[in-house]
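Trainee: What follows is a structure written as structure tokens; I'll ask about it next.
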Amino acid sequence: MPDTLPEWLEYIEQQHPRSIELGLDRVRAVAARMGLEAPARRVITVGGTNGKGSTVAFIEAMARAAGWRVGAYTSPHLLRYNERVRVDGREADDVALVAAFAAVEAARGDVALTYFEFGTLAALRLFAAADLDLAVLEVGLGGRLDAVNLVDADVAVITTVDLDHQDWLGDDREAIGAEKAGIARPWKPLVLGETQPPSSVIGHAYRIGASAIVYGSDFFVDPVDAQHWRWRELDFTLELPRPRLAGDIQLRNAAVAIAALRALPDDLPDAAFVEGVAAARIDGRLQRFEPRPGVEVLVDVAHNPQAARTLAAELAAQPAAGRTQAVYAALADKDSVGVVAALANVIDDWRVAGLAGARALDVDAFARRLRGTAAEHAVPAATVDEALRMALPAAAPGDRIVVFGSFHTAAEALAALGPG
């Protein structure tokens with residue numbers, strides 16, 4: 001058996017012939033052998049197309065500010081696998097993860113598990129041993145058949161529903177919404193982060209008796225001034241600071257997090273929401289760097305058209321004094337043409353880069369895919385690091401470089417740029 005965390009990660013990548021294989025039968029059988037039950041006294045499951053990671057970060061920070069012991073499971077990671085599993089605000093160390101992987105391996109027998117399923121079971125084992133008040137679990141893909149859905153949540157959250165992973169989830173919002181709605185549980189709250197969620201989501205909630213709590217209908221965001229905003233529902237308001245996380249979209253993510261925590265049977269003090277909104281942090285979400293005086297670099301994980309539209313709105317709301325360069329690299333299964341269309345009006349100069357890995361495109365294949373788009377004359381680079389090293393000297397004071405397109409893209413940029 002492997003000894004180190006890198007060896008284990010390499011090993012678990014090889015234990016299923018497919019990187020993705022949706023379905024709960026296999027992972028549920030192994031969980032039963034491991035004796036895994038509820039990972040905490042309360043569980044919130046967070047699904048959706050975009051905004052999941054930020055919403056988890058807000059829930060985690062608010063609950064911890066209330067003095068709760070919290071576990072958070074997220075994916076994918078940016079720089080270290082350890083980022084995926086946090087207990088009481090600290091990443092799981094290599095020793096704990098190795099022991100958890102070994103326990104999964106011992107229990108699975110001849111059951112083939114995917115990389116994500118292996119990791120989910122390992123995280124649940126660590127949480128079960130940690131005496132948690134709350135576990136916050138981010139769905140990997142979809143919801144109904146995702147490994148995280150083997151846990152019954154006290155509150156389910158669907159941040160947004162839009163087109164992504166169509167090969168697995170369906171070709172329109174209604175089909176995708178039906179898959180994501182599978183994380184809801186009968187007679188439990190379902191928090192929805194859109195004013196107009198798909199009818200498939202609302203219909204599923206109605207059929208199982210889940211109480212839908214909808215952004216813009218049941219809870220609201222009211223701007224106050226440049227430094228403050230208000231969360232509001234019937235007969236209750238909270239005055240809150242702007243989040244540390246950049247972008248107006250984070251007000252909605254924070255609002256959804258508050259709604260999820262208020263849907264639990266336990267009360268949090270108002271001060272915990274205030275402190276948690278200010279404390280929450282997650283890398284790769286409009287993360288700002290200034291590698292040269294006057295030159296701004298923004299790194300964002302935006303990788304589908306909905307996320308790209310959000311990114312475009314943020315760039316338009318705060319235009320650069322000079323020109324805006326894009327460094328764009330994407331995986332092969334993403335709608336890169338749709339992403340470029342969403343950002344075409346806010347990008348002056350395009351650079352495209354290749355990524356490595358099974359789902360990746362080299363830069364030549366990527367450039368061919370973007371013919372006929374606003375990025376068809378983009379300057380190519382073999383890697384994100386190389387594209388950044390070309391973009392930075394070309395930037396004048398007042399210019400902005402925006403790096404986006406994938407978690408892999410953001411990870412390479414963060415590794416090149418250092419702490420932000």
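Trainee: Could you check the range 267-295 and list, in sequence order, the residues that are of a type in the set (D, E) and in contact with a strand residue (DSSP E or B) (Cβ under 7 Å, 6 or more places away or on another chain)?
Mentor: D270, E290
Trainee: Looking only at the range 232-261, which residues are outside any loop (DSSP other than H, G, I, E, B), under 29 Å from A302 (Cβ atoms) and out of contact with any strand residue (DSSP E or B) (no Cβ under 7 Å at 6 or more places or on another chain)?
Mentor: Those that are outside any loop (DSSP other than H, G, I, E, B), under 29 Å from A302 (Cβ atoms) and out of contact with any strand residue (DSSP E or B) (no Cβ under 7 Å at 6 or more places or on another chain): I249, Q250, N253, A254, A257, L261.
Trainee: Of all residues in the range 329-367, how many are in contact with a strand residue (DSSP E or B) (Cβ under 9 Å, 6 or more places away or on another chain), small (G, A, S) and more than 16 Å from V299 (Cα to Cα)?
Mentor: Adding up the residues that qualify gives 6.
Trainee: For the range 189-219, give me each residue that is buried (at least 16 other Cβ atoms within 10 Å of the Cβ) and either more than 24 Å from the chain's Cα centre (by Cα) or more than 20 Å from T49 (Cα to Cα) (or both).
Mentor: A210, F219
Trainee: Also, quick follow-up: If a residue has to be in contact with a helix residue (DSSP H, G or I) (Cβ under 9 Å, 6 or more places away or on another chain) and under 25 Å from D154 (Cβ atoms) to count, how many in the range 107-127 make the cut?
Mentor: Going through the range 107-127 one residue at a time, the tally reaches 10.
Trainee: Taking only the range 192-231 into account, find how many residues are touching an Asp or Glu at 6+ places or on another chain (Cβ under 7 Å) and either in a helix (DSSP H, G or I) or polar (S, T, N, Q) (or both).
Mentor: Number satisfying all stated conditions: 2.
Trainee: Turning to a different aspect of this structure: Can you name the number of the only condition in (1) at positive phi; (2) buried (at least 21 other Cβ atoms within 10 Å of the Cβ) that D235 fails?
Mentor: Only one criterion in (1) at positive phi; (2) buried (at least 21 other Cβ atoms within 10 Å of the Cβ) is unmet by D235, namely (2).
Trainee: Considering only the range 380-393, state which residues are in a strand (DSSP E or B) and crowded, with 18+ Cβ neighbours inside 10 Å.
Mentor: The one that is in a strand (DSSP E or B) and crowded, with 18+ Cβ neighbours inside 10 Å: A381.
Trainee: Which ones in the range 101-123 are among the acidic types (D, E) and under 21 Å from H77 (Cα atoms)?
Mentor: E117
Trainee: If you don't mind, another one. Being modelled with pLDDT under 95, within 21 Å of the chain's Cα centre (by Cα) and not small (G, A, S) is true for just one of E21, E60. Which residue is that?
Mentor: E21
Trainee: Just the residues that are of a type outside the set (D, E, K, R), part of a strand (DSSP E or B) and touching a residue at least 60 places away in the same chain (Cβ under 8 Å), please, taken from the range 42-100.
Mentor: Residues satisfying the conditions are V43, I44, T45, V46, G47, V70, G71, A72, Y73.
The values are calculated or read from the model by the stated rules, or taken from the named source; none is laboratory data. Just so it is clear, the model here is predicted, and its values are computed rather than measured. Heads up, the Cβs are rebuilt from the backbone with ideal geometry, glycines too, and the neighbour counts pull from every protein chain shown.
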